[in-house]
Amino acid sequence: MKNNCNFGIIYIREVPELLLLTLIREVLYVETKVCKRCNIEKEINDFYKNGKNYNSVCKECKKIEALQYAKKNKEKIKEYQTNYRIKNKDDLKKYYKKHYIENSEKIKNYHKEYYANNIEKIKDYLKENKEKIKEKRKTYYEKNFQQINTKHKEWLRNNKKEQLKYEKDRFHNDKIFKLKKQSRNLIRSSFSRKGQRKKYKGEEIIGCSIENFIKHLLKSFKKNYGYEWDGKEKVHIDHIIPLFEAKKEEDVIKLCHYTNLQLLKAKDNLQKSNKKVFKVKEDLYESK
Ligand SMILES: [Zn+2]
């Protein structure tokens, strides 16, 4: 090995002996092996390495075997995977987090592309599993309420302009959204006007879910005017018996019950507030 002949640009005397042998072997001939399954002679790289030795079955055949096995043992594999996930929950969490941070751009692009290519499929899935998804979201939200809230607040702080524009657009185009917002404002202002702090949740005060409340309001508009509200005409949520009749917090709560609330055209509501002819009924809550 100590001659000075050229081997490419490397002088042979500078190359360790073992590496040299490997080089020569790779240049001179390609090792092959016959697969025990398909009986085809293939290059050695077409076999998986098992420690120092190569498998007796080629990669191609191994893949087919694995697929067949998976098909036959679906339940078993599923169980194994579930157990594995439970056992290694913390490690997996760490791993996924690290993986996500290191590959966030790639993952985002992948999702974007997948979404664009499968939009119909996704829509169908969402439609079919509406209830299930709703339930899952609810549980997740309840469990992670604190964290989500903090993150959302932080996002709002950093995206004030976008948020305002979004709300404004939606307020003008989505009548349910509009009513929800008005309902919340109404509850809030009812109490602050009376100098009391809101200690009950909106739905508790109104006496029904916000969805039903909105249905109630839309119905009341139709009843009052004989046609459906188009979402454009300016409306107010009106207290049938006005709030200024309330003397104590208890009265405010009574007057904010949905049975005392209706949807009026803004101009009618303003006209109405000039006439003070109402009294708080003691049995308003019960009379519902
Ligand atoms: Zn094979």
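The values are calculated or read from the model by the stated rules, or taken from the named source; none is laboratory data. All figures in this text were calculated on a predicted structure; none of them were measured in a lab. Every residue, glycine among them, receives a Cβ derived from its backbone with ideal geometry; neighbour counts consider all protein chains shown.
Within the stretch 86-95, identify whether any single residue is in contact with a strand residue (DSSP E or B) (Cβ under 7 Å, 6 or more places away or on another chain), part of a helix (DSSP H, G or I) and either of a type outside the set (A, V, I, L, M) or modelled with pLDDT under 90 (or both), and answer yes or no. Give the derivation first.
Here is the first cut: in the stretch 86-95, the residues in contact with a strand residue (DSSP E or B) (Cβ under 7 Å, 6 or more places away or on another chain) are none.
No, every residue in the stretch 86-95 fails to be in contact with a strand residue (DSSP E or B) (Cβ under 7 Å, 6 or more places away or on another chain), part of a helix (DSSP H, G or I) and either of a type outside the set (A, V, I, L, M) or modelled with pLDDT under 90 (or both).
Conditions (1) within 43 Å of the chain's Cα centre (by Cα); (2) away from the ligand (no atom under 16 Å from the Cβ); (3) modelled with pLDDT of 90 or more, marked per residue:
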residue: Thr22; (1), (2), (3): no, yes, no
residue: Arg25; (1), (2), (3): no, yes, no
residue: Lys59; (1), (2), (3): yes, no, yes
residue: Lys97; (1), (2), (3): yes, yes, yes
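Looking only at the stretch 42-54, residues that are exposed (fewer than 11 other Cβ atoms within 10 Å of the Cβ) and either of a type in the set (D, E, K, R) or not assigned by TED's automatic domain parsing to the domain that holds Glu65 (or both) come to 2 in all.
Among the residues of the stretch 103-149, those identified as surrounded by 11 or more Cβ atoms within 10 Å (Cβ to Cβ), at pLDDT 90 or above and of a type in the set (Val, Ile, Thr) are Ile107, Ile122, Ile133.
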